[in-house]
Amino acid sequence: MADMKKKQVPLRLSEKLYDAIAAWAEDDFRSVNGQIEYLLTECVKQRKKNGKYVSEHLDEAPEFTIE
């Protein structure tokens, strides 16, 4: 899969969500883009595994308490 082409997609995130993902990415030694790709990949794997999304509340806005 070394030659796998990637699509570029515009993505709008709230500042709080971006900051949370950026902090998580730093903890995991990934770029923000790499972290988003990793999280989406894991979500798709979970969906394929059991037919359900990671969260039962995907349509609800997340709450962040980042200091």
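The values are calculated or read from the model by the stated rules, or taken from the named source; none is laboratory data. In this text, all values refer to a predicted model and were calculated from it rather than measured experimentally. Methodologically, a virtual Cβ is constructed for each residue, glycine included, from the backbone with ideal geometry; neighbour enumeration extends over all protein chains shown. Surface accessibility is based on the protein's heavy atoms, side chains included, excluding ligands, DNA and RNA. Shrake-Rupley method; radii C 1.70, N 1.55, O 1.52, S 1.80 Å.
Structure values in brief
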{"read-out": "Residues satisfying the stated conditions in segment 12-67, i.e. at pLDDT 85 or above, touching a helix residue (DSSP H, G or I) at 6+ places or on another chain (Cβ under 8 Å) and not polar (S, T, N, Q)", "value": "L13, Y18, I21, A22, W24, A25, D28, R30, V32, G34, I36, L39"}
{"read-out": "First in segment 28-49 and in contact (Cβ under 8 Å) with a residue 12 or more places away in the chain, second anywhere and open to solvent by 90 Å² or more (accessible area, probe 1.4 Å) and part of a helix (DSSP H, G or I), Cβ under 7 Å, 6 or more apart", "value": "Q35/W24"}
{"read-out": "Residue satisfying all of: in segment 1-37; among the acidic types (D, E) and part of a loop (DSSP other than H, G, I, E, B); surrounded by the most Cβ atoms within 10 Å (Cβ to Cβ) among these", "value": "D28"}
